[in-house]
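> Below you'll find the structure I mean.
Every read-out reported here was derived from the displayed coordinates using simple, explicitly stated rules and does not represent laboratory data. None of the values given here were measured: they were computed from a predicted structure. For neighbour counting, all protein chains shown are included, and Cβ atoms are generated from backbone atoms with ideal geometry for every residue, glycine included.
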Amino acid sequence: MLAEHDALLVVDVQRDFLPGGALAVPRGDEVVPFLAACVEKFKRCNLPIAASRDWHPSDHCSFRDFGGPWPPHCVAGSAGAELDQALHLPADAKIVDKGRQTDLDAYSAFEGKELHSWLREQGVRRLFIGGLATNYCVQHSARDALRHGYEVILLEDAMRAIDPAAGERIVEELCSLNVTVIQSGELLDE
């Protein structure tokens, strides 16, 4: 299934989005073993791996104290902003920080041009995406990937939504836009 123009995007698997974190996604920790196995597969195949992370200033507009809907989370440099180490991301993985501007919220890993430019440099045409949360950052990243011309494959067992029903609706909507949905095992069993 994997080909030379493929890449993996791990979206926001950070401590604050895991159980016990400031903005925990229900059952968010369940994605980690699936994504870690995908990371290993992409490493073995010498294919590019990117990971996005919220990297907010302490006075970010998405925080309730500053008019936003969320509790403070993923403050740049904090323990809560760290990517889960169990992912075993390689040293050469592209880390993309988003939500860095105080007055601008960003759900997509494609905020700015950094990720798109890097993927193009790598010759990527097809992007496998998993992470947190399906109905926010995964959705926006997938939509932007389509907008940039990538073929998108969602790793269904490697995503979790804040609201599972909303997550299911989002996956259906993305499928109507020609996004493919697979289980991570389909990648790993080849």
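> Could you look through the stretch 64-85, keep only residues that are in contact (Cβ under 8 Å) with a residue 40 or more places away in the chain and outside any loop (DSSP other than H, G, I, E, B), and pick out the one that is surrounded by the fewest Cβ atoms within 10 Å (Cβ to Cβ)?
Checked the stretch 64-85; the qualifying residue surrounded by the fewest Cβ atoms within 10 Å (Cβ to Cβ) is A79.
> Failed condition for S141, given (1) among the small types (G, A, S); (2) touching a residue at least 60 places away in the same chain (Cβ under 8 Å); (3) in contact with a Lys or Arg (Cβ under 8 Å, 6 or more places away or on another chain), with all others met?
Of the numbered conditions (1) among the small types (G, A, S); (2) touching a residue at least 60 places away in the same chain (Cβ under 8 Å); (3) in contact with a Lys or Arg (Cβ under 8 Å, 6 or more places away or on another chain), the odd one out for S141 is (3).
> Can you tell me which condition S78 does not meet? The list is (1) within 29 Å of Q183 (Cα to Cα); (2) of a type in the set (G, A, S); (3) in contact with a helix residue (DSSP H, G or I) (Cβ under 9 Å, 6 or more places away or on another chain), and all the others hold.
Only one criterion is unmet by S78, namely (1).
> Give the residue that is nearest to the chain's Cα centre (by Cα), with candidates limited to residues of the stretch 86-129 that are surrounded by 14 or more Cβ atoms within 10 Å (Cβ to Cβ), in a loop (DSSP other than H, G, I, E, B) and charged (D, E, K, R).
Of everything passing the filter in the stretch 86-129, E111 is nearest to the chain's Cα centre (by Cα).
> With the requirement that a residue be under 17 Å from S141 (Cβ atoms) and among the acidic types (D, E), what does the stretch 63-110 give you?
D97, D105
> Across the stretch 5-59, which residue is farthest from D144 (Cα to Cα) among those that are crowded, with 18+ Cβ neighbours inside 10 Å and of a type in the set (S, T, N, Q)?
Q14
> Which residues, counting only those in the stretch 17-37, are in a helix (DSSP H, G or I), under 19 Å from G167 (Cβ atoms) and in contact with a helix residue (DSSP H, G or I) (Cβ under 7 Å, 6 or more places away or on another chain)?
F17, G28, V32, F34, L35 - these are the residues of the stretch 17-37 that are in a helix (DSSP H, G or I), under 19 Å from G167 (Cβ atoms) and in contact with a helix residue (DSSP H, G or I) (Cβ under 7 Å, 6 or more places away or on another chain).
> Of all residues in the stretch 136-150, count the ones that are crowded, with 18+ Cβ neighbours inside 10 Å and part of a loop (DSSP other than H, G, I, E, B).
Residues in the stretch 136-150 being crowded, with 18+ Cβ neighbours inside 10 Å and part of a loop (DSSP other than H, G, I, E, B): 1 in total.
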